[in-house]
1. Give me the distance between the Cα centres of segment 63-81 and segment 161-208, rounded to whole Å.
2. Aspartates and glutamates within cross-link reach of K58: Cα-Cα under 12 Å, excluding same-chain residues under 8 positions apart?
3. Contact order normalised by length for the chain, with contacts defined as Cα pairs under 8 Å and 6 or more residues apart; what percent is it?
4. K206: which lysines have alpha carbons under 20 Å from its alpha carbon, excluding same-chain residues fewer than 8 sequence positions away?
5. Report the extension gain between Y215 and E83 in nm, rounded to one decimal, defined as 0.36 nm multiplied by the number of residues separating them, less their alpha carbon distance.
6. Could you go through segment 169-177 in sequence order and give the Karplus-derived ³J(HN,Hα) for each residue, using 6.51 cos²θ - 1.76 cosθ + 1.60 with θ = phi - 60°, rounded to whole Hz, and x for Gly and Pro?
7. Whole-Hz ³J(HN,Hα) for each residue in segment 59-67, computed from phi via Karplus 6.51 cos²θ - 1.76 cosθ + 1.60 with θ = phi - 60°, x for glycine and proline: what do you get?
8. Over segment 11-148, what relative contact order in percent results from Cα pairs under 8 Å that are six or more residues apart?
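Taken together, the values in this text are just the output of simple stated rules run on the coordinates, not laboratory data. Since the structure is predicted, the reported quantities are computational estimates derived from the model, not experimental observations. When we count neighbours, we look across all protein chains shown, and the Cβ atoms used for this are built from the backbone with ideal geometry, even at glycine.
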Amino acid sequence: MTDPRLAFVAAATAPAQEALHRLTRRYPSVDPSEADVIVALGGDGFMLETLHLSTARKAPIYGMNRGTVGFLMNAFSEEGLIERVGRAAQVGLHPLRMRTRSLAGSEGEGLAINEVSLLRETRQAAKIRVLIDGVIRLEELVCDGVLVATPAGSSAYNLSAHGPIVPLGTGLLALTPISAFRPRRWRGALLPHDVRITFEVVEADKRPVSAVADYTEVRDVSQVEVFEDRSITLRLLFDPDQKLEERILKEQFTP
């Protein structure tokens, strides 16, 4: 079997750039547009950036951790990279698509691999109406914000907001409030992956809200629609002993 053509991309940090220099001296590489596999060097933030760019490239991404957390990355090593890539297990992810309407009437859009979050912009709590497939499920959520997380993103911001970790393959999304004041005891919901979630901002001029899809932010929104875009499949590669499914499962038993 022919060795895969590798392309190397790296974050701007010193550890990632040093790794890039060492790996490109050791292994032949091509431009990302010609690669069979893209090797991403950095942390989870850089992996998200690379995944967003890969919606057009189509090549799977094999990450190696040169950042802080590295939940979406494999361990870094210079040794046996071709063999590791060849043995790697593939995981397919479908991002969330966010569509927004602003107070001024303009429309925006973004993709989220981790989560879409709505956040208050001022000292006053946000008031948000929540609709699922056009049906009002919460007339008024008074909160600092609310988010929708994919399974891959459920162990990130969602977990910090006390949302549930969602294993891959369950076909679920996590809907999680951020510092909810009313309803005081509402802790969120697990939703089928094929629903359309609509957030309507109540008193949007008085209580402005921004919407964020990973790192795409739209400010002063009046309405936000979120749904899983299954027309896009992003592919990650993991070492057999570092599968994403196992990491998500293990995270649920971490003290």
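1. The distance from the Cα centre of segment 63-81 to that of segment 161-208 comes to 32 Å.
2. Here the aspartates and glutamates satisfying the reach criterion relative to K58 are E34, D36.
3. With pairs under 8 Å counted, the relative contact order is 21 percent.
4. Straight-distance partners of K206: K127.
5. 44.2 nm
6. After applying 6.51 cos²θ - 1.76 cosθ + 1.60, I find x, 7, x, 10, 10, 9, 9, 10, x Hz.
7. 5, x, 10, 10, x, 10, 6, 10, x
8. Taking the mean separation of contacting Cα pairs over the length of segment 11-148, I get 15 percent.
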